[in-house]
Amino acid sequence: MAPISLTIRKAEPQDAPAILALVRSAYRGESSRAGWTTEADLVDDQRIDENGLLTKINEPFGAVLVAHDAAGDLIACCEVLKKDDTVGYFGLFAVNPLRQAGGIGRTVLAKAEEYVKQTWALSEMQMTVIWTRQELIQWYIRRGYQLTEKKEPFPYSSLVGGKALRDDLYFSVLVKAL
Ligand SMILES: CC(C)(COP(=O)(O)OP(=O)(O)OC[C@H]1O[C@@H](n2cnc3c(N)ncnc32)[C@H](O)[C@@H]1OP(=O)(O)O)[C@@H](O)C(=O)NCCC(=O)NCCS
């Protein structure tokens with residue numbers, strides 16, 4: 001496989017419309033089925049709105065990271081957040097469904113881990129995954145994450161412009177020592 005040429009940087013507010021389109025295409029609806037893992041059968045909403053995304057972009061102890069290819073197209077993004085003096089949170093992770101399974105996700109996750117170490121000297125990364133997504137949990141385990149016993153509630157009452165398709169959802173918590 002040819003090496004992936006990615007430019008990864010902190011997002012600016014003007015990146016928001018492109019990030020919203022990327023996130024929605026990867027997590028929701030028919031477009032997301034082109035990828036190998038999706039929430040299309042679990043949730044039918046907008047995932048996040050522009051205000052929510054701008055809050056993450058402007059968060060003083062957080063960042064949205066964006067990855068562009070050599071042609072300048074946005075192909076991946078993620079969010080990192082300093083939770084406390086040791087723990088970082090990783091989320092809003094998306095790769096263009098037409099570009100998945102080529103190593104882009106792995107590269108962006110490694111960059112996010114590096115970012116929280118370099119920026120805030122954190123020693124642990126945490127993330128949450130809907131418990132049904134076993135293929136994705138296995139992917140994180142192959143990246144060094146551990147599936148914990150901890151659970152977090154699914155935000156049924158605060159979904160953005162839509163609804164959940166199941167009533168048994170919750171998040172499993174995964175952690176990795178950095
Ligand atoms: C999760 C996601 C970011 C991964 O990005 P990616 O670019 O596909 O990741 P990579 O190319 O680095 O890895 C692809 C992996 O998928 C695996 N894979 C490919 N097809 C698969 C399938 N049908 N079932 C299970 N795993 C599969 C590959 O084996 C590879 O894993 P490995 O490197 O451990 O062998 C991307 O799929 C995505 O955007 N998904 C939708 C949004 C989402 O679920 N985000 C995460 C929320 S916590």
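The values are calculated or read from the model by the stated rules, or taken from the named source; none is laboratory data. All of these numbers come straight from a predicted model, not from anything done at the bench. Cβ atoms come from the backbone with ideal geometry, glycine included; neighbour counts cover every protein chain shown.
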Which ones in segment 43-67 are in a loop (DSSP other than H, G, I, E, B) and crowded, with 17+ Cβ neighbours inside 10 Å? Asp45, Gln46, Arg47, Ile48
Hey, does segment 145-158 have a residue that's over 15 Å from the mean Cα position of the chain (by Cα), at pLDDT 95 or above, more than 9 Å from the ligand (Cβ to nearest atom) and at positive phi? no
What is the residue count in segment 155-178 for residues that are closer than 24 Å to Gly88 by Cβ and either part of a strand (DSSP E or B) or not hydrophobic (A, V, I, L, M, F, W, C) (or both)? 10
Residues satisfying the stated conditions in segment 140-149, i.e. assigned to a helix (DSSP H, G or I) and surrounded by fewer than 15 Cβ atoms within 10 Å (Cβ to Cβ): Ile141, Arg142
Residues of segment 120-139 being near the ligand (Cβ under 8 Å from one of its atoms), assigned to a helix (DSSP H, G or I) and touching a residue at least 24 places away in the same chain (Cβ under 8 Å), in sequence order, are Glu135, Leu136, Trp139
Condition set loosely packed, with under 15 Cβ neighbours inside 10 Å, of a type outside the set (Ser, Thr, Tyr) and within 24 Å of Arg28 (Cβ to Cβ), scope segment 161-178, selection farthest from the ligand (Cβ to nearest atom): answer is Asp167
Filtered residue count, segment 86-139, keeping only those that are at positive phi and either surrounded by 17 or more Cβ atoms within 10 Å (Cβ to Cβ) or in contact with a Ser or Thr (Cβ under 8 Å, 6 or more places away or on another chain) (or both): 1
Mind checking whether some residue in segment 5-14 is within 12 Å of the chain's Cα centre (by Cα) and surrounded by 21 or more Cβ atoms within 10 Å (Cβ to Cβ)? no
Taking the options Tyr115, Tyr145, name whichever one is farther than 21 Å from Ser5 by Cβ and hydroxyl-bearing (Ser, Thr, Tyr). Tyr145
Go through segment 76-119 and give me each residue that's more than 24 Å from Gly52 (Cα to Cα) and within 12 Å of the ligand (Cβ to nearest atom). Leu98, Arg99, Gln100, Ala101, Gly102, Gly103, Ile104, Arg106, Thr107, Ala110
For segment 27-42, which residues satisfy the criterion of being over 16 Å from the mean Cα position of the chain (by Cα) and either free of Cβ contacts under 8 Å to residues at least 12 places away in the same chain or not in a loop (DSSP other than H, G, I, E, B) (or both)? Gly29, Glu30, Ser31
